[in-house]
Amino acid sequence: LAVTGDPRDDVLSRGTPSERTERARAAIFSALGLGQTASRIVLFAPTWRDGELDPGLPSAAHWRQIDEYLQSSESLLVLRPHPHSLGDYRSGADSSDRIMLLDSSMLTDVTPILPAVDVLVTDYSSIAFDYSLTGGPILFLAPDEETYTESRGLYEPYREFSGAREVRSWPALLDQLERLDTDGRWATEVRRHTADLATRHFAFHDGRNTERVYSEILRRLKAPQ
């Protein structure tokens, strides 16, 4: 077994941080059909629930609370649900000019735009591992942790994955988003957990995973059979 790193993640390590962010912001605003703004970008990327209604789907009241937070913080909430769950989230996107759907027809792979994301919100998705390479804060919304763990299983114990800071509701998550801005010590702890995810799950951070995969393929093709 060769440890090479995932070629898909090379884009998260190539160039300087400012270059990666500039490329990613241009890509995400282009995909959304918007002119570039200084707005903070919050990406919500929940896991596919096998056709069941996503328990993290905000209620009408929660959408209003989310919009209030986005307006006051000058943020955008970009929604990246599974393609089969898009319809569940349209009411949110229709309710606010700061809530945007980013489906796979608009952008096939979200990995290249992750450096533009200021905060990632997810539940159990492996996107947290990819995003950890950016060093940005990750918040976890997991209203169905017990049910999901029993039916699907996890990559690792959930408290290790989430840093034991997961919440179960959108009001609690909005409190955490505000806390990132007001509690510097807590924000540092959240970013420290991001760094821990990257350290534990990635052997390489040099943007040369594709090169290693290619070299390994050539080595094996040349090896005696």
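Bear in mind that the values in this text are calculations on the coordinates, not laboratory data. Please read these numbers as outputs of a predicted model, since none were measured by experiment. Please note: Cβ atoms are built from the backbone with ideal geometry, for glycine as well, and neighbour counts cover all protein chains shown.
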Looking at the stretch 143-159, can you tell me whether even one residue there is of a type outside the set (Val, Ile, Thr), in contact (Cβ under 8 Å) with a residue 40 or more places away in the chain, within 30 Å of residue 33 (Cα to Cα) and touching a Ser or Thr at 6+ places or on another chain (Cβ under 9 Å)? no
Scanning the stretch 187-220 for residues that are in contact with a helix residue (DSSP H, G or I) (Cβ under 7 Å, 6 or more places away or on another chain) and of a type in the set (Gly, Ala, Ser), the one nearest to residue 9 (Cα to Cα) turns out to be 207
Over the stretch 48-91, the set of residues among the basic types (Lys, Arg) and either in contact (Cβ under 8 Å) with a residue 60 or more places away in the chain or not in a helix (DSSP H, G or I) (or both) is 49, 80
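Every residue, every condition in (1) of a type outside the set (Val, Ile, Thr); (2) under 24 Å from residue 19 (Cα atoms); (3) assigned to a strand (DSSP E or B); (4) under 19 Å from the mean Cα position of the chain (by Cα), yes or no:
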position	(1), (2), (3), (4)
93	yes, no, no, yes
100	yes, no, yes, yes
103	yes, no, no, yes
106	yes, yes, no, yes
109	yes, yes, no, yes
112	yes, yes, no, yes
121	no, yes, yes, yes
128	yes, yes, no, yes
143	yes, no, no, yes
Picked from the stretch 190-213 (must be assigned to a helix (DSSP H, G or I), among the charged types (D, E, K, R) and touching a residue at least 24 places away in the same chain (Cβ under 8 Å)), the residue farthest from residue 132 (Cα to Cα) is 212
Given the residues 27, 45, 31, 2, which is the only one that is within 30 Å of residue 211 (Cβ to Cβ), touching a residue at least 24 places away in the same chain (Cβ under 8 Å) and touching an Asp or Glu at 6+ places or on another chain (Cβ under 6 Å)? 2
